[in-house]
């Protein structure tokens with residue numbers, strides 16, 4: 001018996017189904033981008049808190065001991081660090097001398113005053129961390145951008161003790177600059193340059209957010 005020919009149904013998505021899929025994809029992408037922005041904002045907040053915490057710790061230390069942490073000539077007589085001896089600074093009022101006349105904020109030499117700075121603050125109970133002399137007790141604390149926070153004497157044309165933070169993407173670096181100053185890498189009390197070196201030369205270019213350039217930003221307390 002002859003069977004009637006019925007038209008075959010075409011397999012595939014309807015316009016409504018495609019629209020639903022596109023909406024779901026859009027929601028997922030929006031959630032990812034929003035999550036990334038929240039992460040960035042969290043890092044900006046944490047780095048900003050680091051700068052404020054260092055300033056507060058310096059002021060508290062000076063009020064309590066009448067000396068600059070790292071430069072404190074009375075540190076060795078005041079504390080005995082567990083497992084080692086406490087190292088004093090030279091008391092000249094700057095983060096310097098020791099093994100280097102102008103040690104960098106990210107010095108690798110544990111005897112530099114820019115490193116003793118952290119040991120003295122830890123011994124005073126103003127920041128957390130081990131207090132032993134050497135690479136552990138004087139280590140720079142990490143920042144939220146997988147870099148470090150440190151101090152040195154002058155940077156980028158800013159005179160006096162400065163706090164520096166490195167490995168900052170341009171978006172974070174500029175946000176920190178805008179939070180505490182004018183948002184311009186070249187001027188003010190917060191300045192930054194690509195790389196990790198915080199020299200004496202004043203920056204000549206503003207932040208460039210190209211996704212691949214990372215900055216060291218330094219701020220006067």
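The values are calculated or read from the model by the stated rules, or taken from the named source; none is laboratory data. Every value quoted in this text rests on a predicted model; they were computed, and no experiment measured them. Don't worry about glycine lacking a Cβ; one is built from the backbone with ideal geometry, like all the others, and counts go over all protein chains shown.
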Inset, instruction - Please state which one of 128, 160 is surrounded by fewer than 19 Cβ atoms within 10 Å (Cβ to Cβ) and under 17 Å from residue 91 (Cα atoms). - result: 160
Inset, instruction - Name the residue, out of 108, 85, 189, that is without any contact (Cβ under 8 Å) to a residue 24 or more places away in the chain and surrounded by fewer than 17 Cβ atoms within 10 Å (Cβ to Cβ). - result: 108
Legend entry - Of all residues in segment 44-75 being assigned to a helix (DSSP H, G or I) and in contact with a helix residue (DSSP H, G or I) (Cβ under 6 Å, 6 or more places away or on another chain), the one that is modelled with the lowest pLDDT: 75
Inset, instruction - Considering only segment 110-202, give the strands (runs of 3 or more DSSP E) lying wholly within it that have at least 3 residues that are farther than 28 Å from residue 67 by Cα, at pLDDT below 95 and more than 16 Å from the chain's Cα centre (by Cα). - result: none
